[in-house]
Amino acid sequence: MPIIINLDVMLAKRKMRSNELAEKVGITTVNLSILKTGKAKAIRFSTLEAICEVLECQPGDIMEYIPEDVPNKL
Amino acid sequence: MKQKNRLASRLYIITTAAFVIVAIFTAYIVVCDIFVKPTNSLTSFPNHNYGYTVPVKIQLNQPGDSTLTYHNSDHSKSGQMTTSKHFTNEDKKMFQEILKDAAYSKTLIIDSLTMRRDNKIINKEFENTAILKADGYMILNPKNLGIKFLLAAKNYLLLFAILFVLWSSRKFFKALTKDFSFSSTVSRRLWIIGNAILCYQVINWVLCLIIQDIYDYIRVESKPTLGHHTEMYVIYPDTEFNLGLVVLSLALIVISRLLDYGNDLQKENELTI
């Protein structure tokens, strides 16, 4: 999928652990893991709002669009 | 959800019991067919020595001035009148003689008759009838092994189809008992059941057409005597094609595709955070 989730980067920037974020957002760690690994098919606006509120960031900070034919930055 | 699960588990128990009963019945028939020696009893199970049951249509051309006596036992459940003709002692004696006679390679049994005249159900007006049509069964015992195999296959096809559908239904309800939700197992089982019913109908229909081609008709004609007209019976194999079952099987296939779509939607929903 061309949508890349940069949740790990934001967590590192905020020096926050996954468990803590999951607890504050109100989702399970399993679901957060699904989101982080890019396996999620969709994300609810309410979840996105809660994540942005906890991490004090914009939706664009945690997800990025990269066309499939463009080689990976790394 | 619990109530639905209970319904599925009850249906699982019912299908399991039905499967066991039909399996025992099938095994009994197979054993009878292989080991039981043929008897001249008209009510015994047909076996490979005795012959195989084939549904037939019987057309009776009766003189206009004749009167038909019959035992009327109406079954009006389906909205159609069914008239059952019971064997008299004279009929039984005649059939026993025919069965014992080595000159006859084929024997016939007429179980129940649905009387029709010009495709209309006859009620009580049996006088002045011209042509009567009836559904019945005939026991065929061909000498040709190929045709014998064909008839045996047709006779066992229904039993094995029922066994397979019951077994698949059992698996279907078992999967629902474990998890009453959309799943690939549930939709695949339903797809298999639908296709099994459809395949049975098509194979049975093809076998009927082949049998019709082999056995065109049997014609029994009486010699006209003074003051009496000719009485004639024409017996020909019937084509078994149940349109209702075909529609049901197609509906099951469509429902299985819908369940597949539901399964995809459920997976997407599960992966929505």
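The values are calculated or read from the model by the stated rules, or taken from the named source; none is laboratory data. As the structure is a prediction and not an experimental result, all values here were calculated from the model. Using ideal geometry, Cβ is built from the backbone for each residue, glycine included, and neighbour counts are taken over all protein chains shown.
The set of residues in segment A:1-31 being in contact (Cβ under 8 Å) with a residue 12 or more places away in the chain and closer than 21 Å to residue B:266 by Cβ consists of A:1, A:27. Criterion first (loosely packed, with under 15 Cβ neighbours inside 10 Å and either at pLDDT below 95 or part of a helix (DSSP H, G or I) (or both)) does residue B:260 satisfy it? No; evaluated as a whole, the condition is false for this residue.
Filtering segment B:228-242 for residues that are modelled with pLDDT of 85 or more and over 33 Å from the mean Cα position of the chain (by Cα) leaves an empty set. Listed by position, the helices (runs of 4 or more DSSP H) inside segment A:1-73 whose residues that are within 12 Å of the chain's Cα centre (by Cα) and within 10 Å of chain B (Cβ to nearest Cβ) number at least 2 are A:29-36, A:45-55.
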